[in-house]
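Colleague: Just dropping this structure here.
The values are calculated or read from the model by the stated rules, or taken from the named source; none is laboratory data. What you see is a predicted model; the values in this text were computed from it and never measured. Ideal geometry is used to build each Cβ from the backbone, glycine not excepted, and the neighbour counts take in all protein chains shown. Each accessible area value is taken on the protein alone, full model and side chains, heavy atoms only, with ligands, DNA and RNA left out. Shrake-Rupley method; radii C 1.70, N 1.55, O 1.52, S 1.80 Å.
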Amino acid sequence: MRVATTWQLICATALSCVLASCAEVPPASVTASIPHGATQVAPSGPLVVTAHQGTLSSVTVTTHENAPVPGAMDPDGRRWTTTAPLAFGTTYRVQAVAHNAESVPSVPLNSTFSTVVPKEELTVDRTRPSDGDTVGVAMPVSIYFSRPVADRAAVESRLSVEPSVPTEGSFHWMSDEQVNWRPREFWKPGTSVRVRARLYGVDAGGGVMGTADHESGFVVGRDQRAVGDVNRHVVTVFQDGQQIRELPASFGRKVYPTQSGIHVAFEKHTSTRMRSDTWGGPRKGEPGYYDEVLPHAVRISNNGEFVHVNAATVGQQGRANVSHGCVNLSPANGKWFFDFVQIGDPVEIVGSDRPLTPQDGDIPDWTIPYDDYVKGSALYQPR
């Protein structure tokens, strides 16, 4: 066996040291998520500065007025992210340096970019339910915008409905200014729901930009439902799956039938003026015209259908249909129903040969089969 001499060991050690010193440490570099010189940038997301093959040693972002822009560094020192939204119509300067493992500085990043000036602003005008509401199990979410939306997909991608209980559902655009969201089935009682519209900075098309976020929340109350049978002349009321009352009623006469399908209670009036010409019925001077103020009225569609007190038809309630399409109840039963019903409770009409359609109701969501409803989403993709 040959044994290495001391001289050979010294030479081997020296060679390994030379080879190690020849291994180059990669240089660090810095990039920004928004390219240098970019203009008309939509401020929908943060600015991110990233170090490659090293860590950031300094980052400074200022506006054209030299106002500092706040940001936060990741624990590993490789990413810095703005912590406040970028402003519209602003020029930004980004300066940053990184160091590699041997503390060699990178080429400094020194870039500028500018954000877009909106031609028009888009915000959420209102939502239904309103913030803090308690609603029935059939109430969909409605988001109303301040102006028409051209790029529905871009806006919808910034919307979310977040139930506390896992709930399948979908958005459906009712118009360019309104999008709804409904669950596949009725809500589970007790569900808390957050509605978020992160519109700030989103390009809604045609120079319209989202300029404010919106957030609201509501709670689903007890499971309360009513079923009106036009042939039996009764309204049956259920709570938590149990029948609790059966109310004699009079529905629409043959020429003005109450429409079949799932209506949703969406307004309550202790008294309201009703005129037949407001929903396409008889005009003044024509047979059947009416102009009355009636008490305890619950609106269930936008085509003139209410559940309300009508003392003049008590003799026909439970026996015949004599109304112009409304559901007539006695003073005692109508007051009880008015006090009982929640906004968002389903009121289903059965037995009528005229169906409720999406054009008839303020809340037509349940007239659309769910498989068709999902196709009303701007982000719908066939499976």
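Colleague: Specify which of the listed residues (Pro364, Pro346, Pro382) is outside the structural domain of Ser157 (by the TED database) and open to solvent by 70 Å² or more (accessible area, probe 1.4 Å).
Modeller: On inspection, the qualifying residue turns out to be Pro382.
Colleague: Here is a check on your reading of the model: is Ala28 out of contact with any helix residue (DSSP H, G or I) (no Cβ under 8 Å at 6 or more places or on another chain), surrounded by 10 or more Cβ atoms within 10 Å (Cβ to Cβ), over 30 Å from Arg147 (Cα atoms) and modelled with pLDDT of 95 or more?
Modeller: Yes.
Colleague: Continuing with the same structure: Exactly one condition in (1) in a strand (DSSP E or B); (2) open to solvent by less than 20 Å² (accessible area, probe 1.4 Å); (3) modelled with pLDDT under 95 is false for Pro282; which is it?
Modeller: Pro282 satisfies every listed condition except (1).
Colleague: Run down Val322, Val314 and say which single residue is assigned by the TED database to the domain that holds Arg273, touching a residue at least 40 places away in the same chain (Cβ under 8 Å) and either open to solvent by 30 Å² or more (accessible area, probe 1.4 Å) or within 14 Å of Gly228 (Cβ to Cβ) (or both).
Modeller: Result of the check over Val322, Val314: Val322.
Colleague: Which count do you get for residues in segment 160-209 that are buried (at least 22 other Cβ atoms within 10 Å of the Cβ) and of a type in the set (Gly, Ala, Ser)?
Modeller: Result for segment 160-209: 3.
Colleague: For segment 224-234, does any single residue satisfy the condition of being open to solvent by 20 Å² or more (accessible area, probe 1.4 Å), charged (D, E, K, R) and more than 22 Å from Trp187 (Cβ to Cβ)?
Modeller: Taking every residue of segment 224-234 in turn, at least one turns out to be open to solvent by 20 Å² or more (accessible area, probe 1.4 Å), charged (D, E, K, R) and more than 22 Å from Trp187 (Cβ to Cβ).
Colleague: Suppose we filter Thr115, Thr81 for residues that are touching a residue at least 60 places away in the same chain (Cβ under 8 Å), hydroxyl-bearing (Ser, Thr, Tyr) and either open to solvent by less than 10 Å² (accessible area, probe 1.4 Å) or touching a strand residue (DSSP E or B) at 6+ places or on another chain (Cβ under 8 Å) (or both); which single one remains?
Modeller: Sole residue among the options that is touching a residue at least 60 places away in the same chain (Cβ under 8 Å), hydroxyl-bearing (Ser, Thr, Tyr) and either open to solvent by less than 10 Å² (accessible area, probe 1.4 Å) or touching a strand residue (DSSP E or B) at 6+ places or on another chain (Cβ under 8 Å) (or both): Thr115.
Colleague: Of all the strands (runs of 3 or more DSSP E) wholly in segment 204-267, which have at least 2 residues that are closer than 30 Å to Val116 by Cβ and at pLDDT 95 or above?
Modeller: The qualifying strands (runs of 3 or more DSSP E) are 208-210, 214-220.
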